[in-house]
Amino acid sequence: MRKNLGWSLIEQGKIADAKHHFEKAIKIDESFPEAPPGTGMGYCMQSFVHASQQQPAQSFQQLDLCLQKARPETIQEYEWLVENLPKGVAQRIDTSGLVNGLEGKKPLELFPITQDEPINYQKWYEETKNTFNTPTP
């Protein structure tokens, strides 16, 4: 819920408020002894926010955690990863928790990519860094 609220705030240009909710989502996710589906997405969203605010070091750090910990639960979460993170990131994330929207297909069938295709972090950062030009309150 926190990650969804955070993304809604991003869409309203309230980046500082959104970051707070992503941090809360991460804290909640880390309280689970085993990562259930839906956890870790806060790291992915934080990475996008840091990139949009021209903070590459923080963005790449969160992206690393995203790759390690994200477990999308719905096809919409997976689509968000495909559409908003560097090409190839979504395909390297644990999708075993996807339970809604696949209709019998595997994620790689919906969004094909060669597994050994390199992830171009710098290109993604350059494309993302000016996404939000709204000043933070």
Send over the semi-axes of segment 1-78's equivalent ellipsoid, whole angstrom and largest first, taken as the square roots of 5 times the C-alpha gyration tensor eigenvalues. 19, 14, 11
Return the distance in nm (one decimal) between the two label points of a simple spin-label model at residue 34 and residue 8, each offset 7 Å from Cα along Cα→Cβ. 3.2 nm
Label points 7 Å out from Cα along the Cβ direction at residue 16 and residue 126: separation in nm? 3.2 nm
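Just to verify a number: FRET efficiency for residue 96 and residue 55, C-beta to C-beta distance, R0 = 25 Å, to 0.05? The partial results should precede the final answer.
Values: r = 31 Å, r/R0 = 1.24.
The value I calculate is 0.20.
For 123, 69, give me the order by solvent-accessible area with a 1.4 Å probe, most accessible first, ignoring ligands, DNA and RNA. Don't skip to the end; give the middle numbers.
Details: 123 115, 69 80 Å².
Highest to lowest solvent-accessible surface, that is 123, 69.
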Highest mean first, what order results for 13-23, 70-80 on Cβ atoms within 10 Å? 70-80, 13-23
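The values are calculated or read from the model by the stated rules, or taken from the named source; none is laboratory data. Note that the structure is predicted; figures quoted are calculated from it, not measured. Don't worry about glycine lacking a Cβ; one is built from the backbone with ideal geometry, like all the others, and counts go over all protein chains shown. Calculation scope for accessible area: heavy atoms of the full protein, side chains included, ligands and nucleic acids excluded. Shrake-Rupley method; radii C 1.70, N 1.55, O 1.52, S 1.80 Å.
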